[in-house]
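The structure appears below as C-alpha cells.
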Amino acid sequence: MEKVRVMLHQDQIKNKRSGFKPWRLGGTIALLLLATACGSQAAPAGPVDGQEGKAPAGAYPRTIVTSGKHEVVVPAKPERIAALSLDTAEMALELADPSRFVVAPRSLDNEQLSVHAAQGKLIGTKITGATKLDPEQVLSYKPDLVLMTTIHDGEKDADPILKQAGIPVLTFKEWGTVRQIMDQLNLIGQALGEEEKAKAVTDRMKSKLEAARNKVEKRKAVSKPTVLVLSPVGPNTGPYMMGPDNISSDLVRLAGGVPAAEAMGLPRTTKATIEQIIQADPDCILLSDWEGKKEQAFRELTGNPGWSALKAVKEGRVRVMAAKQLVNANPAVVDSIAEIADVLEPASGVKKEAGA
C-alpha cells in the first residue's frame, strides 16, 4: 500500500472569516486518506498491450488540464462527487446520476435557480456554499472529486485547503459566456469519465446557438436595443444590475442586444438604484426571478414613480424570467436566447417586408 503524506502549513489553513478550526482538520484528513489508501482501485498507469504505453480511452488515472493550465490528476472514476457551487452541480448533473454525489449546494433544490432541482432533491446531503463554505465539513464526506467555482470569498478560502488534502479539485473562475459553459462542461465530462455525454450536450447547445443566430440575423435590425438585467444576488439582497461577467450579458449579445451594464460602463454587478436606471433608460428590462414572486420581488424599484416613466415600461418591454434561464450558468440557457430575442423585437427597429 502506497504511503500518502499530506503536509499542511498553518499559514495556509488559517481562515478567521469562516471560523475554520485548523486543529480539527488532522483527524478528518487522516480518516479520508486511510479510506482512500485502502479502498482505491484506480486503473494502472502503466503500458497497455497494443497501446505502446498509452492508456486506453476511458482509462484512469487521467490528467485534466483546466483553462488556467492547472493540471488535476483524477486517479479513478469518481463515485463520491462533491459539487460545491450551483453552476458546477448543474453541469455535473447533466452527465452523472445523483447517486454519485455525496454533497451539493442547498440552492440546487430551488426550482427558480436550478434546472436540475428534481435530480438535486435525490442528493441526500446539502450544504451552504459560496460565502460560508467550510472545507472541514466537505472533507468529512470523503469525496473523490471536488467541483467548485471560486467566485465568492468562502470558495476562494476553501480551495487551497481542499487541494492540500490531496483530493482532486477542479476549480473554475467564471461561467460568463455560453462558450465557457461548453468548454468547461467538456472538462467536467473528462473528469467524470462521461466524455460522450458531455459531447452530446455541447452538440445540442451548438445546434440551438446556430438556430438562434439565424433568427437574430433575419431580423435586419436598424439598431441594437439596450437591455438591463436586474436580479438579486442572494436571499434578501434586493435587486442588482448584472455586470458584464454574468452569463446574462452574453445571452443578451447573442439575442442581438447590447447589455445596458456595458453601455453604462459598469465594470461589475452593482446594486441597483432607480436614479441610475432612469439615467440609462434602457430599451428593455429583464427581471430575474429567484423565488417565484415575479415583479413583486422588485417593488422597491417598480414602486418608485420614476419606474413608470422608463421607456421599457411604457412600451411593454419588461420580461420576468426565472434565474435559471437568465443569470445562473447551465446548458439550458441557450434556450433563453430566442426568448430574449422576442422581447427585443419591438425595440430593434425591424423593417418588415410589405404584406408581412
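Values quoted throughout were computed directly from the atomic coordinates according to the rules given, and no laboratory measurement underlies them. It should be emphasised that the depicted structure is a prediction, and the values quoted were computed from it without experimental measurement. No Cβ is skipped: glycine too gets one built from the backbone with ideal geometry, and neighbour counts run over all protein chains shown.
Residue separation times 0.36 nm, minus the C-alpha to C-alpha distance between residue 97 and residue 69: what's the value?
Length gained between residue 97 and residue 69: 7.3 nm.
Which order do the peptides 93-99, 332-338 take when ranked by the mean count of other beta-carbon atoms within 10 Å per residue, highest first?
The densest-packed peptide leads the list: 332-338, 93-99.
In whole Hz, what ³J(HN,Hα) sequence does region 321-329 give by Karplus (6.51, -1.76, 1.60; θ = phi - 60°), x for Gly and Pro?
3J(HN,Hα) across region 321-329, in whole Hz: 10, 4, 4, 5, 8, 10, 10, 9, 6.
Mind listing the long-range amide H neighbours of residue 83? Cut-off is under 5 Å, sequence gap 5 or more, other chains count too, H placed in the peptide plane at 1.01 Å from N.
102, 103, 147
What's the FRET efficiency of residue 338 with residue 294 using the Cβ-Cβ distance as r and R₀ = 25 Å, to the nearest 0.05?
The formula returns an efficiency of 0.75 here.
In whole angstrom, note down how far apart the Cα centers of region 112-158 and region 163-186 are.
The distance from the Cα centre of region 112-158 to that of region 163-186 comes to 14 Å.
Taking K and R as +1 and D and E as -1, what net charge do the other residues with C-beta under 9 Å from the C-beta of residue 117 add up to? Before the final figure, lay out the partial values.
On the way: positive: 121, 324; negative: 109, 111.
Around residue 117, the surrounding residues sum to 0.
Is the C-alpha gyration tensor of region 82-203 telling us rounded, prolate or oblate? Criteria: a/c under 1.5 is rounded; beyond that, a/b larger than b/c is prolate, otherwise oblate. Let's see the in-between values first.
Numbers: a/c = 1.41, a/b = 1.27, b/c = 1.11.
Verdict is rounded for region 82-203.
Mind ranking 191-199, 210-218, 77-85 by how tightly packed they are, going by the mean number of other C-beta atoms within 10 angstrom, highest first?
Packing proxy ranking, top to bottom: 77-85, 191-199, 210-218.
Can you tell me how much longer the chain between residue 211 and residue 311 gets when fully stretched, taken as 0.36 nm per residue apart minus their C-alpha distance, in nm with one decimal?
33.0 nm
What are the ³J(HN,Hα) couplings of region 171-176, residue after residue, when phi is run through the Karplus curve with 6.51, -1.76, 1.60 and θ = phi - 60°? Round to Hz, x for glycine and proline.
The phi angles translate into 10, 10, 8, 7, 10, x Hz.
Computed FRET efficiency, Cβ-Cβ of residue 183 and residue 80, R0 25 Å: what is it to the nearest 0.05? The partial results should precede the final answer.
On the way: r = 25 Å, r/R0 = 1.01.
After rounding, the FRET efficiency stands at 0.50.
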